[in-house]
Each structure stands twice: as structure tokens, then as C-alpha cells.
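Novice: Dropping the structure in here first, questions after.
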Amino acid sequence: MNSGIIRKIYRVKDIENIQNKINMLGTNRKIKFDAVSFLNTRLITTILLTIILILFSNIQYFIIPFILIIYYNLFYYFLITDPINKRIKKLDLEALTFFEILTLTLESGRNLENSLEITCYNIDSELSNEFKRSLMEMKFGRSLMETLEDLKKRIPSETINNILLNITQTNIFGNSIIETMNNQVEYLREKQMMEVKSQINKIPNKVSIISVIFIIPLILLIILGPFIIELL
């Protein structure tokens, strides 16, 4: 099935939305595909599943549509939604170190472009690779602000996108980039601290669940064991 047929089946807006989501998966993903191949695969496999369920299963026909809807949504979830969520967590973890070093480099008196180059080539991370791609695009004549705008489209993290927005606005209005970055780094520290506190607060609930499932039955077994043996 070629892309022309796909474009007749799906709206251009839907194809663009899926492609934007795919761009947020990054270039290091294991399975590489574009919006058209994604739509092709999902449509064809859904049709094949329909044929298999009708011809080779004993499932009632009225249940098949529900199975297909579940498959249709799970296909999108496991190939796009879940990888994006995992990438957001990874990028957010890398952000603090990256922007801390970028801020220190800026404080040494270098401009933003040079500071980004130094930071990128001293940090090996997925976020750093995205900035490296932007710096590479600049060598072909694009401006720093243009590449940062495109970078925001490839980054699914709202936190990092807010930092990029602040950087571009600072550059446009001529504000202090060092002050802006210090504020952003402080925000990232507080955000990570809140996340750690949130995880700590969840520990009692997890312990309670484990106690109910494993420990309490074991205690009851120890207490009631002699009586059960005596009855037997």
C-alpha cells in the first residue's frame, strides 16, 4: 500500500500529528519508521487480525470489534506513547547536569553558541546528542534561534522546552542569559527534589501493600499453624 492511498484514507493533519510524535522519539530508537509506514503497518495488521479472528477463532462476532479497538490503541501506545513517556523521564534526568555545565561555561565569558559546543562535546547523553544535531545544522547556514525552535519539536519534555523558550526569549530581548540559566537550573534542582520526595512518600503505601500480601498471611500462618496441625 503506497503513501498515496494512505493519504486518501487518513487526513493530512493526522499524518502530520503522528509524524510530530515520531520525531519526539529521537534518532536512537531501535525501530525506525515514519508516519506513513506506521499507518501502513497498523492498518494491514488490523485487517489481518480481523481475518484471523473471523476464520480461525471461535470468538463471537460481536466481541471482535472490541478486540480490534484494543489492538488498534495498544499498537499506538507501545510504539509511540510509551517510548515517548520513557524518553521524557530520561531527558529530564539528563537536563540538570547538562544545563548546570552550560551555565558554568557561560559564566566563564563565552557566548551561547560556544558554550553549547563545549557542553555537548563534554557530555555524552541523549539530550547532548540533540543539541549536537542543532549545532550541526548551524554549520549549514541556519541561525541558533532557528535550530532551537526545531529542537523544541524533537524534545517531548515540557520542562526542557520551557528552558529552550526562555533561552530564545532572553536572546531576543537582550536579557542576561546567565541569570536566566541560573534560574532554570535552580528550578530543575527543585523539581528533582520534589520528585524524590514524591517517591519517598509512596514508600509507606508500597510497604503496606507488600505487608498485606505477604507478611500478614505469613504471621497468621505461624499463629494458627499449631491449631491447624492439631485439628488435622
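The values are calculated or read from the model by the stated rules, or taken from the named source; none is laboratory data. None of these values were measured; they are calculated from a predicted model. Every residue, glycine as well, gets a Cβ built from its backbone with ideal geometry; the counts of neighbours run over all protein chains shown. Surface areas here come from the heavy atoms of the whole protein model, side chains and all, with no ligands, DNA or RNA. Shrake-Rupley method; radii C 1.70, N 1.55, O 1.52, S 1.80 Å.
Novice: For segment 137-229, with all protein chains present and a 1.4 Å probe, just round the carbon and sulfur fraction of the accessible area to a whole percent.
Specialist: Of all accessible area on segment 137-229, carbon and sulfur atoms account for 66 percent.
Novice: Another question, if that's okay. Starting from the Cα of Gln199, move 7 Å in the Cα-to-Cβ direction to define the label point; list residues of segment 85-110 whose amide nitrogen is under 20 Å from there.
Specialist: 85-100
Novice: Helix-derived [θ] at 222 nm for the chain: sum -39500 (n - 2.57) over DSSP H runs of at least 4, divide by residue count, nearest 500?
Specialist: -25500 deg cm²/dmol
Novice: Give the accessible surface of segment 154-213 per residue, rounded to a whole number of Å², with probe radius 1.4 Å and ligands, DNA and RNA excluded.
Specialist: 65
Novice: Exposed loop trypsin sites (Lys or Arg not before Pro) only (DSSP loop, at most 12 other Cβ atoms within 10 Å): please give the longest stretch of the chain free of them, not including the sites.
Specialist: Answer from the scan: 33-138.
Novice: How much of the accessible area of segment 33-132, in percent, comes from carbon and sulfur atoms when a 1.4 Å probe is used?
Specialist: On the way: 3690 of 5620 Å².
In segment 33-132, the share of accessible area belonging to carbon and sulfur is 66 percent.
Novice: Apply the Karplus curve 6.51 cos²θ - 1.76 cosθ + 1.60, θ = phi - 60°, to the phi angles in segment 49-54 and return the couplings in whole Hz, x for Gly and Pro.
Specialist: 5, 4, 4, 4, 5, 6
Novice: Another question, then. For Lys30 and Ser176, what does the FRET efficiency come to when R0 = 41 Å and r is the distance between their Cβ atoms, rounded to the nearest 0.05?
Specialist: Here the calculated transfer efficiency is 0.45.
Novice: How high is the relative contact order of segment 28-140, in percent, counting Cα pairs under 8 Å that sit 6 or more residues apart?
Specialist: Dividing the mean separation by the residue count of segment 28-140 yields 16 percent.
Novice: Of the cross-linked pairs Lys86/Lys202; Lys86/Lys139; Lys13/Lys86, which ones have a Cα-Cα span greater than 29 Å in the structure shown?
Specialist: Lys86/Lys139
Novice: Radius of gyration and Dmax for segment 1-141's Cα atoms, expressed in Å?
Specialist: 21.5, 72
Novice: What does the charge dipole of segment 94-232 about its Cα centre add up to, to the nearest 20 debye, if the Cβ of each Lys and Arg holds +1 and the Cβ of each Asp and Glu holds -1? Working shown, then result.
Specialist: On the way: 13 positive and 18 negative charges, 52 e Å.
The dipole magnitude comes to about 240 debye.
Novice: In Å², what does the accessible area per residue of segment 1-134 work out to with a 1.4 Å probe? Can you show the working numbers first?
Specialist: Details: 8180 Å² over 134 residues.
For segment 1-134, the solvent-accessible area averages 61 Å² per residue.
Novice: First select every other residue whose beta carbon is under 12 angstrom from the beta carbon of Asp124; then total the charges, Lys and Arg +1, Asp and Glu -1.
Specialist: For residues surrounding Asp124, the net value is -1.
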